[in-house]
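The values are calculated or read from the model by the stated rules, or taken from the named source; none is laboratory data. Small disclaimer: the values here were computed from a predicted structure and weren't measured. Heads up, the Cβs are rebuilt from the backbone with ideal geometry, glycines too, and the neighbour counts pull from every protein chain shown.
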Ligand SMILES: [Zn+2]
């Protein structure tokens, strides 16, 4: 005969565990940005304007009316459990919907900033659907080859060599990835950095090895742009790449040391001379790709020490420089840059 009080307390314990699991795996930390920095989409875009659209993380679409191109083109999303335990591959309906939401049909080029899944995984399919060149590291090229993308659409970047796409002159500058403070995470994400063979998904998330990370400099007759998506730096690498607008990745920055944050700031914001800073890569990797942006899933923030100094750091920078402006972009809406 089962003991009723024991069963009842067992039930309560299970319920408690489920609640804890739900909290860590299905709720999100607040985004590390001030809602006041959010800009809205522009209802009217005058001909010749350079515009940007943001999907989330560092997926960006640039368009001057004649030429459109993308950074990353990542639209698949996976829950935290699938990421840790399962095998992942491009989500074709999500890619189709993502391109639709961005109103993309033709692209000149798609450029993953490095080869981790949250940047490079969907890019070959985006290239296949839009006719774009897939431009990036040799590791990114192997993601393209594993997907069966035509070799003629794959181009391996040469460090600091400018390439022309319409009126956009795009230069990839080799830089470093964010240095995860946690040694185990760093080992998992950054050791053995190259993908040396065509990568055929589904594969484990970290089979998308980092490859060579790049910053992207963009010169256009209307204005210049620098994109640093992963919060890493290599001293002096971005000297000489001034920009009117800087897209600054801040993911994980708050878990780093104050010294690291200051170096990152000096090597990106100060180096570029930009006063207009658009913050990217601050939203969750695992949450939905629609609706309001959130911070990272609680499990991730908990594992990365639980404290995030990002917003306090950014607010202190704003307080010190009256010319500095932070912006966050709306999802999918067209925003005029120049
Ligand atoms: Zn990465």
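Structure above, values below:
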read-out: So residue 233, is it assigned to a loop (DSSP other than H, G, I, E, B), within 15 Å of the ligand (Cβ to nearest atom) and surrounded by fewer than 24 Cβ atoms within 10 Å (Cβ to Cβ); value: yes
read-out: Qualifying position, being more than 22 Å from residue 219 (Cα to Cα), crowded, with 23+ Cβ neighbours inside 10 Å and modelled with pLDDT of 95 or more, among 152, 131, 144, 136; value: 144
read-out: Residue match in the stretch 185-194 (condition: within 15 Å of the ligand (Cβ to nearest atom) and within 21 Å of residue 124 (Cα to Cα)); value: yes
read-out: Matching residues, the stretch 89-117, being away from the ligand (no atom under 16 Å from the Cβ) and either in contact with a strand residue (DSSP E or B) (Cβ under 8 Å, 6 or more places away or on another chain) or at positive phi (or both); value: 89, 98, 101, 102, 103, 104, 106, 107, 108, 109, 110
read-out: Selected residue [closer than 20 Å to residue 296 by Cα, modelled with pLDDT of 95 or more and in a loop (DSSP other than H, G, I, E, B)] from 75, 54; value: 75
read-out: Test: residue in the stretch 267-274 that is in contact with a strand residue (DSSP E or B) (Cβ under 6 Å, 6 or more places away or on another chain) and either modelled with pLDDT under 95 or surrounded by 24 or more Cβ atoms within 10 Å (Cβ to Cβ) (or both); value: yes
read-out: Which numbered condition residue 294 fails, given (1) touching a helix residue (DSSP H, G or I) at 6+ places or on another chain (Cβ under 9 Å); (2) modelled with pLDDT under 90; value: (1)
read-out: Residue match in the stretch 78-85 (condition: over 27 Å from residue 333 (Cα atoms), within 16 Å of the ligand (Cβ to nearest atom), crowded, with 18+ Cβ neighbours inside 10 Å and at pLDDT 95 or above); value: no
read-out: Sole residue being more than 16 Å from the ligand (Cβ to nearest atom), crowded, with 19+ Cβ neighbours inside 10 Å, modelled with pLDDT of 95 or more and under 30 Å from residue 239 (Cα atoms), chosen from 157, 120; value: 157
read-out: Residue match in the stretch 306-321 (condition: within 20 Å of residue 234 (Cα to Cα), touching a helix residue (DSSP H, G or I) at 6+ places or on another chain (Cβ under 8 Å) and at pLDDT 95 or above); value: no
read-out: Which numbered condition residue 100 misses (of (1) closer than 25 Å to residue 290 by Cβ; (2) in contact with a helix residue (DSSP H, G or I) (Cβ under 7 Å, 6 or more places away or on another chain)); value: (2)
read-out: Number of positions in the stretch 1-51 that are touching a helix residue (DSSP H, G or I) at 6+ places or on another chain (Cβ under 7 Å) and either in a helix (DSSP H, G or I) or free of Cβ contacts under 8 Å to residues at least 24 places away in the same chain (or both); value: 3
read-out: Residue within the stretch 156-163 that is under 25 Å from residue 334 (Cα atoms) and either in a helix (DSSP H, G or I) or touching a strand residue (DSSP E or B) at 6+ places or on another chain (Cβ under 8 Å) (or both) present; value: yes
read-out: Test set (1) assigned to a helix (DSSP H, G or I); (2) touching a residue at least 12 places away in the same chain (Cβ under 8 Å); (3) out of contact with any strand residue (DSSP E or B) (no Cβ under 7 Å at 6 or more places or on another chain) - residue 209 fails condition number; value: (1)
